[in-house]
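Report on the structure given below.
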Amino acid sequence: MRDAIELPAAAPTGAPRSPLLARHGAVEGEGPDAGVAAHYGDPLREQRLVCEGLAVVDLSHRGVVTVSGPDRLSWLHSVTSQLLTGLAPRQSREALILSPKGHIEHDLHLVDDGATTWVTTEPGEAVTLVAWLDSMRFMLRVEVADVTADWAVVGEPSAAESREGEPLAWRDPWPDLVGDTAAYGAVAGHPGHDRRWREVLVPRRELDATVGDRDLAGTWASEALRVATWRPRLGFETDHRTIAHEVDWLRTAVHLHKGCYRGQETIARVHNLGRPPRRLVFLHLDGSGHTLPDRGAPVLLGDRQVGHLTSVARHFQDGPVGLALVKRNTPVEVTLSVSGISASQETVVAP
């Protein structure tokens, strides 16, 4: 176990700075979330508004990639962890691109419009993703493009099903799959069953007009809600050696019965025969103090390090919360500590 996670560098994301940073009270984010607002003056109120369906989140720093051509779905099916053949228009999937050894390299949010597959990625990942996809095209009838400069993403709560006339959007599959514990080895009682989320694709030049006078929430709000629903994020819950089993990504981003793809051997071997070396846990942090521990801080059991903090936030109902990767054999019932702050755990991935 290393002492701390490798934090993402505070590099340019490749997307233009959002025009919504000109809105009243906007405070720009840092690191991976630079270029959009961290908050607009009241992060806890913003969380409540998002949960009530009354606010949207500027996610225009996310990358946007298009894959067009008649072979696009069968090709993406062959190079990712997800079943994509026969994907109907406006249906969403989450998929991973893995290394040959099964380590997570990219997390893809995909939705197809019948002619083009649209992919949104973590900030700064589109250029690398497009380069890799281009290297895998061979003689297939597909075209890959980074359209981040022309298209933006807005996050918002959504209804369970797509309605006629709605804009093209990726819908998070997390709530629909939270009860399937037998197939994935995850625990019951997942808190995300009633939190539906979508990423709406908007022409970048129309971003300000599309949001209009709707209330805005920053990434502090969306990150707190992500942590509270145990949702992993690339570059936060992952490092260069993370496998999908450790962070509960088998649930939404891996199809366990599809054909061959890069990294499948590790997925199958660990799922059928082994156990992942680490597991994701949700932490309730003692809220009696006024500061939060830093991401990457060691997670201790007594004086012994058993993991590290991957995400941390202040939730409007639950107070200080976090996600952490810990050694698989860390007892589930013990209280841990992070930077001198006591942390009780909830199991996300069963040991």
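The values are calculated or read from the model by the stated rules, or taken from the named source; none is laboratory data. Treat the numbers as computed from the prediction; the structure is a model and nothing was measured. Glycine also receives a Cβ, built like all others from the backbone with ideal geometry; neighbour counts cover every protein chain displayed.
Structural remarks
- Residue within region 285-306 that is under 15 Å from E223 (Cα atoms), at pLDDT 95 or above and touching a Leu at 6+ places or on another chain (Cβ under 7 Å) present: yes
- Residue check, L73 in contact (Cβ under 8 Å) with a residue 24 or more places away in the chain and more than 26 Å from L207 (Cα to Cα): yes
- Hey, H315 over 23 Å from W132 (Cβ atoms) and in contact with a helix residue (DSSP H, G or I) (Cβ under 7 Å, 6 or more places away or on another chain) or not: yes
- Test result for L73, out of contact with any helix residue (DSSP H, G or I) (no Cβ under 8 Å at 6 or more places or on another chain) and farther than 22 Å from G155 by Cβ: yes
- Candidates E30, E52, E46, filtered to the one that is assigned by TED's automatic domain parsing to the domain that holds E223, farther than 23 Å from R198 by Cβ and of a type in the set (D, E): E30
- Counted as qualifying within region 124-209 are the helices (runs of 4 or more DSSP H) with 3 or more residues that are in contact with an Asp or Glu (Cβ under 9 Å, 6 or more places away or on another chain), modelled with pLDDT of 95 or more and more than 19 Å from V36 (Cα to Cα), namely 126-135.
- Flag for P100 being at pLDDT 95 or above and part of a loop (DSSP other than H, G, I, E, B): yes
- With respect to the conditions (1) more than 23 Å from T219 (Cα to Cα); (2) surrounded by fewer than 16 Cβ atoms within 10 Å (Cβ to Cβ), G319 lacks only one, and its number is (1).
- Here R231 passes the criteria (1) free of Cβ contacts under 8 Å to residues at least 40 places away in the same chain; (2) within 21 Å of Q317 (Cβ to Cβ) except the one numbered (1).
- Test: residue in region 258-265 that is in a loop (DSSP other than H, G, I, E, B), more than 17 Å from the chain's Cα centre (by Cα), buried (at least 22 other Cβ atoms within 10 Å of the Cβ) and of a type outside the set (K, R): yes
- Selection of region 294-317 for residues being assigned to a strand (DSSP E or B) and either polar (S, T, N, Q) or in contact with a His (Cβ under 7 Å, 6 or more places away or on another chain) (or both) yields P298, V299, Q305, T310, S311.
- Selection within region 318-351 - of a type in the set (A, V, I, L, M, F, W, C) and either part of a strand (DSSP E or B) or on the phi > 0 side of the Ramachandran plot (or both): V321, L323, A324, L325, V326, L336, V338, I341, A343, V349
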